[in-house]
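So the structure is just underneath, and the comments pick up after that.
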């Protein structure tokens, strides 16, 4: 494979683990909640379109608290000039990275000519990356699939990486499934196309100078550790939402942090004043509480915790005491369990 030298040196991303951008899920309240569990894992916003960044309510769309960092913004778009302006805005707001969405297969996104369909246009993606890189000092990453429809060979994937990397992108987050753009829903696209981890591993071998991060059906810290033998980073998706305490040992395993792993009670306690503060700003309580429902996933008391929060979060006048009251349905030993996994045990 003939390759020209990268125009930009590797910027040295330092996050071996990240939580994927997920629509309706990875909003600022979820991110604050996850920061009670892991301090160092890279977090992402939901995907935001370039038009929304340029013309929407920026405080609502881009606002975040300092506690959420390190934080990357994922953007969707296909116009290099607009994306360049967005990159400048994102940098001004204080984000740590900006990621270009080349992975979403939804029909709505396709109609806007961005997301996974752009894998068929690597030169346009390269133009977008180049414009963003020239406009800001942030690392610009690309999250994409291993292919789409009939453009699903490894050779096509490698060509995409080659073309886009020559525009200055040195970090690629690779969803290990192709996207079928006609006939499958986004939900089915997360399940039906087979996982092909070996293609992502091969990318790292063929492009050793690039940072290659893997995504897709990764659900345990042991799996993260195994993937890191072959690639530079791992992105966890729905598992981090459906079982957030999964990441309780992430900092000690992957970031060599000496901070003790928090118990679930210690995670909940700072969420009470956080909830109270947003209620005073007229934010509907369930917008925050809903992200906490799975904190006790697979543990005794899980059903009682979920039921209490679900039944009371919508009641008039609810306050932060809802979290304290919900804990009464969880056994003390579960609340105060401090689960710590050592790296050598994986």
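Yes/no matrix, rows are residues, columns are (1) part of a helix (DSSP H, G or I); (2) in contact (Cβ under 8 Å) with a residue 60 or more places away in the chain; (3) touching a strand residue (DSSP E or B) at 6+ places or on another chain (Cβ under 9 Å):
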| position | (1), (2), (3) |
| --- | --- |
| 240 | yes, yes, yes |
| 273 | yes, no, no |
| 277 | yes, no, no |
| 281 | no, no, no |
| 305 | yes, no, no |
Which one is modelled with the lowest pLDDT among residues in the range 105-120 that are assigned to a loop (DSSP other than H, G, I, E, B) and crowded, with 24+ Cβ neighbours inside 10 Å?
-> 114
State all residues of the range 254-271 that are under 22 Å from residue 42 (Cα atoms) and part of a loop (DSSP other than H, G, I, E, B); if no residue qualifies, say none.
-> 255, 256, 257, 258, 259, 260, 261, 262, 263, 270
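So that you can scan it fast, the table gives a plain yes or no per residue for (1) in the same structural domain as residue 118 (by TED's automatic domain parsing); (2) farther than 16 Å from residue 125 by Cα; (3) out of contact with any helix residue (DSSP H, G or I) (no Cβ under 7 Å at 6 or more places or on another chain):
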{"position": "137", "(1), (2), (3)": "yes, yes, no"}
{"position": "142", "(1), (2), (3)": "yes, no, no"}
{"position": "146", "(1), (2), (3)": "yes, no, no"}
{"position": "150", "(1), (2), (3)": "yes, yes, yes"}
{"position": "154", "(1), (2), (3)": "yes, yes, no"}
{"position": "157", "(1), (2), (3)": "yes, no, no"}
{"position": "161", "(1), (2), (3)": "yes, no, no"}
{"position": "168", "(1), (2), (3)": "yes, no, no"}
{"position": "180", "(1), (2), (3)": "yes, yes, no"}
Can you run down the residue pairs with Cβ atoms below 9 Å, 6 or more apart or on separate chains, where the first is in the range 201-227 and outside the structural domain of residue 186 (by TED's automatic domain parsing) and the partner is at pLDDT 95 or above and surrounded by fewer than 19 Cβ atoms within 10 Å (Cβ to Cβ)?
-> none
Which pairs do you get when a residue that is free of Cβ contacts under 8 Å to residues at least 24 places away in the same chain and assigned by TED's automatic domain parsing to the domain that holds residue 95, found in the range 59-82, comes within reach of a residue that is assigned to a helix (DSSP H, G or I) and surrounded by 18 or more Cβ atoms within 10 Å (Cβ to Cβ), reach meaning Cβ atoms under 8 angstrom, with the pair 6+ apart or on two chains?
-> 61/52; 61/53
Is there a residue in the range 71-81 that is out of contact with any helix residue (DSSP H, G or I) (no Cβ under 9 Å at 6 or more places or on another chain), surrounded by 17 or more Cβ atoms within 10 Å (Cβ to Cβ), in a loop (DSSP other than H, G, I, E, B) and at pLDDT 95 or above?
-> no
Number of the exception - residue 251 against (1) touching a residue at least 24 places away in the same chain (Cβ under 8 Å); (2) in a loop (DSSP other than H, G, I, E, B); (3) under 18 Å from residue 339 (Cα atoms); (4) out of contact with any helix residue (DSSP H, G or I) (no Cβ under 7 Å at 6 or more places or on another chain) = (2)
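Condition check ((1) over 25 Å from residue 98 (Cα atoms); (2) modelled with pLDDT of 95 or more; (3) in contact with a strand residue (DSSP E or B) (Cβ under 9 Å, 6 or more places away or on another chain)) across all residues:
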{"site": "123", "(1), (2), (3)": "no, yes, no"}
{"site": "126", "(1), (2), (3)": "no, yes, no"}
{"site": "147", "(1), (2), (3)": "no, yes, yes"}
{"site": "158", "(1), (2), (3)": "no, yes, no"}
{"site": "166", "(1), (2), (3)": "no, yes, no"}
{"site": "176", "(1), (2), (3)": "no, yes, yes"}
{"site": "183", "(1), (2), (3)": "yes, no, no"}
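For every residue, the table says whether it meets (1) in contact with a helix residue (DSSP H, G or I) (Cβ under 9 Å, 6 or more places away or on another chain); (2) surrounded by 22 or more Cβ atoms within 10 Å (Cβ to Cβ).
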| residue | (1), (2) |
| --- | --- |
| 220 | yes, no |
| 223 | no, no |
| 230 | yes, no |
| 236 | yes, yes |
| 241 | yes, no |
| 244 | yes, yes |
| 260 | yes, no |
| 267 | yes, no |
Of the numbered conditions (1) within 28 Å of the chain's Cα centre (by Cα); (2) surrounded by fewer than 18 Cβ atoms within 10 Å (Cβ to Cβ); (3) over 16 Å from residue 33 (Cα atoms), residue 286 fails exactly one; give the number of that condition.
-> (3)
Within the group 340, 297, which residue is within 22 Å of residue 24 (Cα to Cα) and out of contact with any strand residue (DSSP E or B) (no Cβ under 9 Å at 6 or more places or on another chain)?
-> 297
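The values are calculated or read from the model by the stated rules, or taken from the named source; none is laboratory data. Owing to the predicted nature of the structure, the values given are computational and were not obtained by experimental measurement. Here the Cβ is made from the backbone with ideal geometry for all residues, glycine too, and neighbour counts use every protein chain on show.
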